[in-house]
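The values are calculated or read from the model by the stated rules, or taken from the named source; none is laboratory data. Just so you know, these numbers come straight off a predicted model, no measurement behind them. Positions of Cβ are backbone-derived with ideal geometry, glycine not excepted, and every protein chain shown enters the neighbour counts. The accessibility values were calculated without ligands, DNA or RNA, using every heavy atom of the protein model including side chains. Shrake-Rupley method; radii C 1.70, N 1.55, O 1.52, S 1.80 Å.
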Amino acid sequence: MKAIILGVAGQDGQYLAELLLSKGYQTIGVARRSSQPRNYLIPLLHKGLELIEGDVTDAHCMNSIISKYKPDLLFNLAAMSHVHTSFSSPSSTFEINTISIINILEAIRTLSPTTRLYQASTSEMFGKNFTEKNGEKYQDEDTALLPQSPYGISKLAAHQAVRLYRESYGLFACAGILFNHESERRGENFVTRKITKYVGQLAVAMQKEPFYPAVGHPIEDFPKLKLGNLNAYRDWSHAEDMVTAMVMMLEADKPNDYVVGSGETYSVEQFVDAAFKEIGLNWKDYVEIDQALIRPAEVDYLRANPEKIKRELGWQPKLDFEGLVKRMVKYDTERAALKSSLYERV
Ligand code: GDD
């Protein structure tokens with residue numbers, strides 16, 4: 001069995017490649033050309049990942065990859081995934097997130113109609129909407145979609161395209177409506193990783209008084225952590241749990257869309273608090289609000305109701321919020337310590 005991952009270089013692409021390889025799939029990872037070496041993919045190459053260059057915004061490129069490999073499974077994780085950035089780059093966001101899926105769907109429809117497609121949809125599509133029932137607030141597959149960002153709108157259009165091609169042409173095409181998912185491989189401009197990276201550096205700086213060379217600031221002059229809105233609520237999971245759901249969807253008997261998340265919600269402030277508590281500090285002494293990080297529109301409350309995927313596919317997350325924060329802080333503390341010790345040796 002053959003699987004292609006579009007966007008293999010990102011957090012989810014890496015975890016997904018690991019999972020598919022461990023399940024015995026021939027796994028082909030597609031990443032955009034980069035002038036920087038992606039050394040972090042070397043362990044995956046050793047495990048058997050075949051890495052090729054490709055761009056989802058180019059229809060010719062999608063046609064040639066899909067006609068050459070005719071994969072059993074194809075995962076589209078390639079995206080401009082930063083919500084705030086989509087406000088300053090709305091056109092390219094649409095090109096990367098929306099035009100791309102039309103290229104992919106058309107290539108599958110005309111060249112490899114038995115290929116099963118996974119599309120990375122997102123809880124950002126719910127925007128301001130939630131369902132309120134029996135005193136609980138959540139989003140599920142029936143909650144109306146009302147995105148609050150160019151990113152959310154671009155993903156909603158892609159989501160609808162996947163549904164249309166499934167219904168009109170009978171393609172095995174699924175969309176996973178994934179809530180926030182994080183990890184030690186998360187990009188450093190997403191809020192969780194930005195926080196844990198800072199906390200890790202702070203933890204090491206405290207041990208190395210009066211000067212910590214890898215950070216470049218003495219502890220008494222440590223720069224503040226600048227954040228935006230601390231009052232938004234998110235449903236945070238570990239990315240490893242999420243890629244398991246992606247594979248379950250494509251290995252199922254029939255194609256369907258599913259909401260995937262932990263079912264719990266915490267504010268950004270609660271994440272900050274939990275991360276600082278890991279190193280025994282009060283976040284209020286280190287965090288500063290920066291108005292430039294406040295978005296023109298915000299999604300205030302996200303909490304998944306993952307009942308359908310649990311019932312129909314048997315999905316269960318392994319790591320909870322507390323475990324996620326602990327794992328990320330531990331990783332970033334060890335990383336900061338390693339950088340510091342390497343620096344001292346040269
Ligand atoms: N990035 C960032 N940086 N966000 C901040 C900051 C900051 O300094 N300060 C506060 N926030 C708030 C944002 O305003 C938002 O409410 C929340 O932290 C989470 O922001 P992100 O981590 O950037 O994630 P996101 O929720 O906007 O989007 C992520 O989740 C979506 C699924 O719901 C991304 O992974 C999307 O690609 C994904 O679709």
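Laid out as a table, the results:
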| item | result |
| --- | --- |
| Prolate/oblate/rounded call for the chain, Cα gyration tensor, a/c under 1.5 rounded | prolate |
| Amide H within-cut-off set for Met80, under 5 Å, with H built and near neighbours excluded | Asn97 |
| Rounded tilt (10° steps) of 268-278 against the dominant C-alpha axis of the chain | 50 degrees |
| Listed pairs Lys284/Lys326; Lys284/Lys310; Lys155/Lys277 exceeding 27 Å between Cα atoms | Lys284/Lys310; Lys155/Lys277 |
| The stretch 117-159 versus the stretch 34-74: alpha-carbon centroid distance in Å | 29 Å |
| Order by protection proxy (mean Cβ within 10 Å, highest first), peptides 57-67, 284-294 | 57-67, 284-294 |
| Which of Leu45, Val243, Ser92, positive extreme of dipole for the chain (C-beta unit charges) | Leu45 |
| Nonlocal Lys pairs with alpha-carbon distance under 28 Å, the stretch 1-148 (8 or more apart, or different chains) | 10 |
| Size of electric dipole in the chain: Cβ of Lys, Arg +1 and of Asp, Glu -1, about Cα centre, debye, nearest 20 | 720 debye |
| Å² of accessible area per residue within the stretch 213-285, as computed with a 1.4 Å probe and no ligands counted | 40 Å² |
| Degrees, to the nearest 10: 191-207 long Cα axis against longest axis of the chain | 30 degrees |
| Helix 150-169 vs. the chain, principal-axis angle (Cα, 0 to 90°, nearest 10) | 30 degrees |
| Length-normalised contact order of the stretch 1-119 in % [C-alpha pairs under 8 Å, at least 6 apart] | 29 percent |
| Estimated dipole of the stretch 209-340 in Debye, rounded to 20 [Cβ of Lys and Arg +1, of Asp and Glu -1, Cα centre] | 200 debye |
| Point-to-point label distance, Phe190-Ile279, nm (Cα→Cβ direction, 7 Å offset) | 2.1 nm |
| Within the accessible area of the chain (1.4 Å probe), percent carbon and sulfur | 49 percent |
| Per residue accessible area of the stretch 1-122, 1.4 Å probe, in Å² | 44 Å² |
| Long-range amide H partners of His238 with built H, under 5 Å | Glu182, Leu319 |
| Estimated vicinal HN-Hα couplings, Hz - the stretch 316-325 in sequence order (Karplus 6.51, -1.76, 1.60; Gly, Pro = x) | 9, x, 9, 10, 9, 4, 4, x, 5, 4 |
| The stretch 1-95 - charge dipole about Cα centre, Lys and Arg +1 at Cβ, Asp and Glu -1, debye rounded to 20 | 220 debye |
| Long-range HN-HN contacts of Thr122 with modeled amide H, under 5 Å | Leu178 |
| Descending principal axes extents, the stretch 182-292, alpha-carbon based, whole Å | 61, 27, 26 |
